[in-house]
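Note sheet for the following structure.
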Amino acid sequence: MDSLLPASSPAASTAAGASGESTTLRFLDMGQSDATLIQQGSGFILIDAADSSHSEELLHDLQAAGVQTIDLLVMTHPHADHIGAMAQVLENFTVKQVLLPDFDKAPLPTTRTFENVMEEIASQNIPTVTAQRGWTFSLGEGTLTVLGSGVETSNYNEVSIAGRFDSPDMTYLFTGDGESGVEQDLLDSGVNLSAQVYKAGHHGSSTSSGEAFLARVRPGIAIISCGLDNDYGHPDAETLDKLSAVGAQVWRTDLQGTITVRRVNGQLQAEAEKEAA
């Protein structure tokens, strides 16, 4: 199953850069947990790493995508459904650098899951960077830019890193599980939020993807990562309506499995692992 979306941004006006390297986004189906793989040429960025119950699936999917080295591993925030298999990823792949949330804005996590990740990073002496607005990371012909590093909070969703990946192929925006506080901070900052591909915040929850925020993003493709018949009721019907109102094609991992986005013949193409029921 696939769908085509015409180019709508000067940043994505060519099929690939001068060297011909292309970008592929893979929104991996990890149930009610989260993992997104960005590939640009031969380089990889992994954003979040599912939960512990999906560790074997995550490792398999990364290997199937050709991953041996992860150039940047991003922890958007420390909830278990985003970092549960991160220690296993660190153990099984070469990771060059890790981008961490700004824990000066929230109490330092004390869960064993988080401690395992940090211990593995330390044992391998992997360089880490704390997210701050404006920080950039180059991957082939693409650039990941941190647009926001959360707000002062006791709710770890609200320390979520928000970032955009720009390449000759496409623009992609992610906000982790950021809720209204993260979105308002981004709006107030004046950063460029427009993106062709948008991963709906907090699994499509009603606490994210506000109307004012979506009006600035105006995505052509929106991805919702959530589990089939999950207990949270994700995605919220209101969120689906808001995404539809800005003209976004909505793709869901709970109904369609892993979603892959790439540019084909000058158009963005979203392809689903399976047909929606």
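The values are calculated or read from the model by the stated rules, or taken from the named source; none is laboratory data. Note that the structure is predicted; figures quoted are calculated from it, not measured. Cβ atoms come from the backbone with ideal geometry, glycine included; neighbour counts cover every protein chain shown. Accessible surface is based on the protein model in full, side chains and every heavy atom, while ligands, DNA and RNA are left aside. Shrake-Rupley method; radii C 1.70, N 1.55, O 1.52, S 1.80 Å.
Please work out which residue is farthest from residue 148 (Cα to Cα), limiting yourself to the stretch 67-77 and to residues that are touching a residue at least 60 places away in the same chain (Cβ under 8 Å) and surrounded by fewer than 23 Cβ atoms within 10 Å (Cβ to Cβ).
Looking at residues that are touching a residue at least 60 places away in the same chain (Cβ under 8 Å) and surrounded by fewer than 23 Cβ atoms within 10 Å (Cβ to Cβ), I get 71.
Just a yes or no: is a residue in the stretch 236-249 at pLDDT 95 or above, within 19 Å of residue 57 (Cβ to Cβ) and not hydroxyl-bearing (Ser, Thr, Tyr)?
Within the stretch 236-249, not a single residue is at pLDDT 95 or above, within 19 Å of residue 57 (Cβ to Cβ) and not hydroxyl-bearing (Ser, Thr, Tyr).
Failed condition for residue 223, given (1) part of a strand (DSSP E or B); (2) in contact with a Gly (Cβ under 9 Å, 6 or more places away or on another chain), with all others met?
Result: residue 223 fails condition (2) only.
What single numbered condition from (1) surrounded by 23 or more Cβ atoms within 10 Å (Cβ to Cβ); (2) not aliphatic (A, V, I, L, M); (3) not in a loop (DSSP other than H, G, I, E, B) fails to hold for residue 241?
All conditions pass for residue 241, except number (1).
Quick check on the stretch 39-66: of everything there that is assigned to a loop (DSSP other than H, G, I, E, B) and either open to solvent by less than 10 Å² (accessible area, probe 1.4 Å) or in contact with an Asp or Glu (Cβ under 9 Å, 6 or more places away or on another chain) (or both), which residue is nearest to residue 158 (Cα to Cα)?
48
When the residues of the stretch 244-259 are filtered to those that are within 14 Å of residue 30 (Cα to Cα) and in contact with a strand residue (DSSP E or B) (Cβ under 7 Å, 6 or more places away or on another chain), which remaining residue is surrounded by the fewest Cβ atoms within 10 Å (Cβ to Cβ)?
Of the stretch 244-259, the ones within 14 Å of residue 30 (Cα to Cα) are 252-259.
Next, from what is left, pick out any that are in contact with a strand residue (DSSP E or B) (Cβ under 7 Å, 6 or more places away or on another chain): 252-253, 256-259.
Working: 252: 24, 253: 24, 256: 21, 257: 18, 258: 20, 259: 25.
Checking each candidate, the answer is 257.
State all residues of the stretch 219-234 that are in contact with a strand residue (DSSP E or B) (Cβ under 9 Å, 6 or more places away or on another chain) and without any contact (Cβ under 8 Å) to a residue 40 or more places away in the chain; if no residue qualifies, say none. Working first, answer last.
In the first step, residues of the stretch 219-234 are kept if they are in contact with a strand residue (DSSP E or B) (Cβ under 9 Å, 6 or more places away or on another chain); the result is 219-226, 234.
Passing the criteria: 222, 224.
For (1) within 30 Å of residue 247 (Cα to Cα); (2) of a type in the set (Phe, Trp, Tyr); (3) at pLDDT 95 or above, each residue gets a yes or a no:
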site	(1), (2), (3)
8	yes, no, no
35	yes, no, yes
49	yes, no, yes
78	no, no, yes
91	no, no, yes
108	no, no, no
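Given the criterion over 29 Å from residue 268 (Cβ atoms), open to solvent by less than 30 Å² (accessible area, probe 1.4 Å), at pLDDT 95 or above and in a helix (DSSP H, G or I), identify the matching residue among 115, 120, 158.
Result of the check over 115, 120, 158: 158.
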